[in-house]
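For reference, the structure is listed below as structure tokens.
Derivation of every value follows stated rules applied to the coordinates shown; laboratory data play no part. Please read these numbers as outputs of a predicted model, since none were measured by experiment. Note that we place each Cβ from the backbone using ideal geometry, even for glycine, and neighbour counts take in every protein chain shown.
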Amino acid sequence: MERLAGLISANYNDARFGKLTAHRPIAGIPFGSRYRLIDFSLSNMVNSGMTSVGLITPHLYRSLMDHLGSGKEFGLSRKTGGLYILPGSTYGYDLGKGKFSIRDCKGNMQFFERTRFDRLVMSTCSKIYNIDYRDVEKYHLEKEVNVTFVYKKNMDADVGDIVIDFDDRGRVKALRRLKKKEKKANLYLDSTLIDKNVIIRIIDWYKDNSYMDVIEAIAENLGRLSVAAYEFTGFARSINSIKDYMEVSKELLDSKVMKELFMGERLVHTKIHDAAPVKYFETAKVKNALVGTGSIIKGAIENSIIFRNTYIEEGAKIKNSIIMQKCKIGAKAILENVICEKGVVIEDGEVHKGTAGKPVILSND
């Protein structure tokens, strides 16, 4: 019997992502020149020794399934356990309506009943951090509790985020969803370690009110459950909007952030693409950028993320932007504070400029 199993919810939405989620779920948003947002949640689980992980899928699941495949790159293509693809009961949970509905759990009770585990880690895909859940489990057992939330202290929390309030003794007093931005809060990192029998009881308690969020149900029953909160002290960020996506992506250009997220003992796994190294021509000028393999660079890049197999012509200037895979940027084109969706072609001499708070999104639609 496994001690820990994982359950990831990708079945939620947020209007603040705009065009980025027109054809993909939040979990499938490309990130960091080669990854998707789901890679962090899934890697955290497999790096913590979990061999059974359930994924609650959204309506727009095609790109997500193409990325994950059988789970081979994550070590989850197995005869026993593995990656369980679980249908979401509905799609489109928007701002303030939760990310882990009891309805989705109720509709997938076979995962709870047939998968042999003691405790479950429930996570979503909107937070970026690298954690070992075995440390959380150790804390959970030491505290002798039913539920342990993972949080980050003194974080800026945004609308819709959940924050944790403590009493004078350091015990969890309340969880609340923010209606306006709040600075220096105890930000819940969308990860909960919960005893198997407890999550099954909660599903049963709310079977007639199944659109409720699991975390909100736990918050209503703090007096009936023993609850603790584990403080995560490493790099952690929320991605709740296009603005967040741009800001957190640019933080990857900081070598300290890159080292902590990607270069430690716990690697972030993703779909493997065989491609040649980046080819830089003599005309290329690259400053503070992350460039994916298979790209051909003839122009200038500054403070930007360039995904795989991108072609940037001579004289093109790209600044403070994100260019997704298989884009072609024409000669003397200028892009500043821009997000180019996958496969976009920018003609010679085109100029597109946004602002840091409101980037321009270019797509083929």
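Results, tabulated for the structure shown:
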read-out: Gaussian network model of the chain, Cα within-10 Å springs - most flexible of PRO277, PRO25, PRO58; value: PRO277
read-out: Region 166-193-region 317-365 distance, computed between alpha-carbon centres (Å); value: 38 Å
read-out: Inter-centroid distance (Cα atoms) of region 227-263 relative to region 279-316, Å; value: 24 Å
read-out: Gaussian network model of the chain, springs between alpha carbon atoms under 10 Å - residue of ASP104, ASP213, ASP135 with greatest fluctuation; value: ASP135
read-out: Beta bridges per DSSP with both ends in region 5-114, % antiparallel, nearest 5; value: 15 percent
read-out: Between 0 and 90°, nearest 10: helix 38-47 axis offset from the chain longest Cα axis; value: 60 degrees
read-out: 3J(HN,Hα) from dihedral phi, region 218-224, Karplus parametrisation 6.51/-1.76/1.60, rounded to Hz, x for glycine, proline; value: 5, 4, 6, 10, 4, x, 9
read-out: Share of pairwise Cα separations in region 6-103, more than 24 Å, in percent; value: 19 percent
read-out: Of ASP348, ASP161, ASP14, the one that fluctuates the most in a GNM where the chain has Cα springs shorter than 10 Å; value: ASP348
read-out: Debye-sum result for region 2-262 in log10 I(q)/I(0), which assumes one identical scatterer on each alpha carbon, at q = 0.10, 0.15 Å⁻¹; value: -0.45, -1.12
read-out: Where Rh is the Kirkwood radius over Cα pairs, Rg/Rh for region 287-365; value: 0.91
read-out: Linear extension gain, MET65 paired with ARG176, 0.36 nm per residue minus alpha-carbon span; value: 36.7 nm
read-out: Fraction of beta bridges assigned by DSSP in region 2-262 that are antiparallel (%, nearest 5); value: 50 percent
read-out: Estimated FRET transfer efficiency when R0 is 22 angstrom, pair LYS353-ASN288 (beta carbons, to 0.05); value: 0.70
read-out: Kirkwood hydrodynamic radius over Cα pairs of region 174-306, then Stokes diffusion coefficient at 20 °C and 1.002 mPa s, in µm²/s; value: 111 µm²/s
read-out: Degrees separating the helix 133-143 axis from the principal Cα axis of the chain, which is the longest one; value: 30 degrees
read-out: Dipole magnitude of the chain, debye to nearest 20 (Cβ charges: Lys/Arg +1, Asp/Glu -1, about Cα centre); value: 100 debye
read-out: Label-point separation in nm, ASN364 to GLU220, each point 7 Å along Cα→Cβ; value: 4.5 nm
read-out: Residue-averaged [θ]222 nm for the chain, counting only DSSP H segments that reach four residues, each worth -39500 (n - 2.57); value: -5500 deg cm²/dmol
